[in-house]
Amino acid sequence: MIKVVLLGAGNVGVNLFKALQNKNGIELVQWYNRSVIQYKQGDSVVPVTTQLNEIVEADLYLISVSDTAITPVSKALENKKGLVAHTAGSVALSLLEGHQNHAVFYPLQTFSKQKEVDFSQIPLCLEANSEENLNLLKSVAQAMGGPIHLIDSVQRKALHVAAVFVNNFTNYLYTIGEELCKEHKVPFSVLQALIAETADKIKTIPPSTAQTGPAVRGDQKILEDHLQYLTKESHQQLYQLISASIQQHG
């Protein structure tokens, strides 16, 4: 049985808490957060604490806090013999090298406390400072069910930057689309089929091949018409910048 202490109760931490529950071979022995954990644990009896000096012994310490908080939290674990791992996409493994046993356990997904995700569908990107520690991470990942990828710190940073483009930036564009729909009393749901088809299409063909629209067609009349339609300067600038980038890429 692998004993795990989870540190952090943000979006990732809450979802990891759910995912680690009742998994064969895993015992979640403690959950830490700097403030009182607001998440309702249901029938769970996992002990919780707000004090780093109360952290118990475990085989694996999963640090799921903000990037800037990883160092102070990890320093509080310096006397622990177990494997100390963070879950951040843009933080190198070397940040934890003060620990004899250190690793990265990065689930590549967007997380919200309000929506539970299926970890069997989430790529789990692993890196560790020894084969023994990597095998421990693999055992945890296998219990959670997600596809395992051995990703080093340089590769993980590339993935994290790419994820910002395909997820965070894309979601902001959805937000603009929703604003335009609301402004003219059109249900945003009308666009759902288009969004779904675009996401589905790039499973089988490269995104560059799947690109459509007035920019890739070079339809200057439509581009100018859209720019005149947009009333916010920030939206106009974004429209021009992305359209120009599409045309330069093509």
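The values are calculated or read from the model by the stated rules, or taken from the named source; none is laboratory data. Please read all numbers here as calculations on a predicted model, not as lab measurements. Cβ sites come from the backbone with ideal geometry, for glycine too, and all protein chains shown count toward neighbours.
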Exercise for the section: Kindly indicate whether Leu194 is in contact with a Phe, Trp or Tyr (Cβ under 6 Å, 6 or more places away or on another chain) and either assigned by TED's automatic domain parsing to the domain that holds Phe119 or closer than 27 Å to Ser120 by Cα (or both). Expected result: no
Exercise for the section: Being surrounded by 13 or more Cβ atoms within 10 Å (Cβ to Cβ) and in contact with a strand residue (DSSP E or B) (Cβ under 9 Å, 6 or more places away or on another chain) is the filter here, so list the residues in the range 58-75 that pass it. Expected result: Ala58, Asp59, Leu60, Tyr61, Leu62, Ile63, Ser64, Val65, Ala69, Ile70, Val73, Ser74
Fill in the blank from the handout: Those residues of the range 223-241 which are surrounded by 14 or more Cβ atoms within 10 Å (Cβ to Cβ) and outside any loop (DSSP other than H, G, I, E, B) amount to Leu223, His226, Leu227, His235, Gln236, Leu238, Tyr239, Gln240
Fill in the blank from the handout: Exception for Gln38 within (1) surrounded by fewer than 19 Cβ atoms within 10 Å (Cβ to Cβ); (2) modelled with pLDDT of 95 or more falls at (2)
Fill in the blank from the handout: Checked Asn33, Asn79 against criteria (of a type in the set (S, T, N, Q), surrounded by fewer than 17 Cβ atoms within 10 Å (Cβ to Cβ) and modelled with pLDDT under 95); the one match is Asn79
Fill in the blank from the handout: If you go through Ala85, Ala103, the only one that is at pLDDT 95 or above, under 16 Å from Ala9 (Cα atoms), surrounded by 17 or more Cβ atoms within 10 Å (Cβ to Cβ) and assigned by TED's automatic domain parsing to the domain that holds Asn129 is Ala85
